[in-house]
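First the structure, in the form of structure tokens, and then the observations on it.
The values are calculated or read from the model by the stated rules, or taken from the named source; none is laboratory data. Here the structure is a predicted model, which is why all the values come from computation and not from measurement. Glycine also receives a Cβ, built like all others from the backbone with ideal geometry; neighbour counts cover every protein chain displayed. The area values use the complete protein model at the heavy-atom level, side chains included, leaving out ligands, DNA and RNA. Shrake-Rupley method; radii C 1.70, N 1.55, O 1.52, S 1.80 Å.
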Amino acid sequence: MTHEEKKKEESHGRPEIPAWMRAVAEVISAPGYERWARQVAATGGCSAPVRLVGESQVIDAGTGEVLHIYRTADEPTGHLLVACGNRRGAVCPACSHIYQRDVFHLIRSGLSGGKGVPEAVREHPRVFATLTAPSFGAVHTQRERNGKTLVCRPRRGGGVCGHGVPERCGARHDGADIRVGQPICPDCYDYAGAVLWQAHAGRLWHRFTLELRRQLARRAGMSRRRFDALVRVSFAKVAEYQRRGLVHFHAVIRLDGPGGHDDPPPGWATAQLLADAVPEAAGLVQVLSPDPGNGQRVLAWGDQIDVRAIVVRGDGGGLSDEAVAGYIAKYASKGAESSGTIDRRLSCGRCKGVGTVTMARGPAVCKRCGGVGTAGGLDLDRLPVTEHARRMIRTCWDLGGRPELEELRLRPWAHMLGFRGHFATKSRRYSVTLSTLRQDRAEHKTAESRQRNGLPGPESTEVLAHWRFAGQGYTEAQEILAGHISQRAITARRIEEQRREGA
Ligand SMILES: [Zn+2]
Ligand SMILES: [Zn+2]
Ligand SMILES: [Zn+2]
Ligand SMILES: [Zn+2]
């Protein structure tokens, strides 16, 4: 006890209790705390669970008899807590962990079998490819050789650009240095090019998958039509933001027979054929975009295309299937945060950044944003982001106002620096789907609860449910308590996962 506290205790008879502690005590002593704590544990440690109100009835499919009723009205809290299910680690670590595990299993089953995919899939030719963005100007870089950090841009002489900025940077940046990824001279940096490229990244990927088939067919000496009848190209890919604010794509690409993962491809469709065709196809892909400054712009991949063999666990030389699944799962749970941007939409939700809305009598000024177009009247030039992210966002906003670029929806996607694609995608026959994995988990949970309540299986019953969203997240005091409960739930789950994977 400090001197101050002692004095207080002497003068008032008892110490002052801080407000947060009183609030925590209130939560604990409220009726139904035990039940609330069990609900918190059941969300698996979710940091912002959704509150639902409503009911569900289990009905005998034959007789129509109601076998079981659950009503949130009977809960002491009046609601049910459900995990938020967010994919991103920066938003909800616990739900993101579950998502990561699912992606891991999805990718790994497509490489070495399991989850309904035969083990023979590991004999199919496959590679791990990384496709990057081209350069839009020199940026500060973390450079390493043999574990030593090198000078960022060693240039002899005192060259300066047209803006008087030295072309040389003598610093040795480490990974934590916020300058990494920021342009050497922002005025020289081609922001319009970077934003237009990013807005077309999804299209570039699509074109790449088409060109890859064309190149594989050409190398095999047959027509596209014949090739397509004999070989299916399956892939799973994930987008990763680099420090310079542009995405990379990492992808597993696999050759199958026409039936997909349980159908081997013809013998001539080898991993070498695939490894040769990937860089060639990537090098040929182009997408044209209108460019307000220059009429039109040709967009392509950068020349840093990396193709690596995927080996079955334990073999040397190449990446193991486990490592590849791990990489993709890790990237899939990230957003654009590593590029220093902001976490939410910047455009007004009503007019989508346009500033006007279409009424029966014609266009009218949007009442929600007063015609500014930003959410809540935000000032784009005062966002708490890096200077580079601010200029990317500003460029998205300015280009987003040009009618010829309307379809790129750059204002609603300004916070993602122009990228509006999906973070993780896969072709239909790669392996299982995420929703299958989720459904299996949900069915397992339902079966457990049926057993607990002594109810018959899903074959002979029907479930009628009505749910309504009643809010999300915890109060400050609840959060403190939920933190402890969650930690226990997460630890228990990790132990269970290890046990299951060890078995
Ligand atoms: Zn969550
Ligand atoms: Zn530097
Ligand atoms: Zn310059
Ligand atoms: Zn508006």
Long pairs among LYS237/LYS330; LYS237/LYS445; LYS330/LYS352, criterion Cα-Cα beyond 20 Å | LYS237/LYS445; LYS330/LYS352
Accessible area of the chain belonging to carbon and sulfur atoms, whole % at 1.4 Å probe = 50 percent
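Check each of the trypsin sites (Lys or Arg not before Pro) in the stretch 380-445 and keep only those in coil by DSSP with at most 11 other C-beta atoms within 10 angstrom; list them in order.
Working: sites: ARG382, ARG390, ARG391, ARG394, ARG409, ARG420, LYS426, ARG428, ARG429, ARG438, ARG441, LYS445; in loops: ARG409, ARG420, ARG428, ARG429.
Within the stretch 380-445, the qualifying trypsin sites (Lys or Arg not before Pro) (loop, at most 11 other Cβ atoms within 10 Å) are ARG428.
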Between Rg and the Kirkwood Rh of the stretch 212-286, both from Cα atoms, what is the Rg to Rh ratio?
-> 1.04
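According to the square roots a ≥ b ≥ c of the eigenvalues of the Cα gyration tensor, what is the shape class of the chain, taking rounded for a/c under 1.5, prolate for a/b larger than b/c otherwise, and oblate for the remainder?
Values: a/c = 1.67, a/b = 1.21, b/c = 1.38.
Note, shape of the chain comes out oblate.
Taking every DSSP beta bridge with both residues inside the chain, roughly what % is antiparallel (nearest 5)? Present the calculation step by step, with values, prior to reporting the outcome.
Numbers: 60 of 62 bridges.
Bridges in the chain that DSSP calls antiparallel: roughly 95 percent.
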The stretch 76-153, relative contact order in percent, only Cα pairs under 8 angstrom and at least six apart counted | 12 percent
Of all stretches in the chain that avoid GluC sites (Glu not before Pro) placed in a DSSP loop and having at most 16 other Cβ atoms within 10 Å, the longest is 168-503
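Around TRP36, with a cut-off of 14 angstrom between Cβ atoms, what is the net charge of the other residues, counting Lys and Arg +1 and Asp and Glu -1? Walk me through the numbers on the way to the answer.
Values: positive: ARG35, ARG38, ARG51; negative: GLU26, GLU34, ASP74, GLU75, GLU479.
So the environment of TRP36 carries a net charge of -2.
Restricting attention to the stretch 243-320, which chymotrypsin sites (Phe, Trp or Tyr not before Pro) occupy a DSSP loop and are surrounded by at most 15 other Cβ atoms within 10 Å?
Working: sites: PHE249, TRP268, TRP301; in loops: TRP268, TRP301.
When the chymotrypsin sites (Phe, Trp or Tyr not before Pro) of the stretch 243-320 are filtered for loop state and at most 15 Cβ neighbours within 10 Å, TRP268 remain.
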Please give the length that would be gained between ASN453 and ASP379 if that part of the chain were fully extended, namely 0.36 nm times their separation in residues minus their C-alpha to C-alpha distance (nm, one decimal).
-> 21.1 nm
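With every protein chain present, what is the per residue accessible area of the chain (1.4 Å probe, Å²)?
Details: 26860 Å² over 503 residues.
Averaged over the residues of the chain, the accessible area is 53 Å².
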Taking a ≥ b ≥ c as the square roots of the eigenvalues of the Cα gyration tensor, with a/c under 1.5 meaning rounded and otherwise prolate when a/b exceeds b/c and oblate if not, the stretch 139-188 is oblate
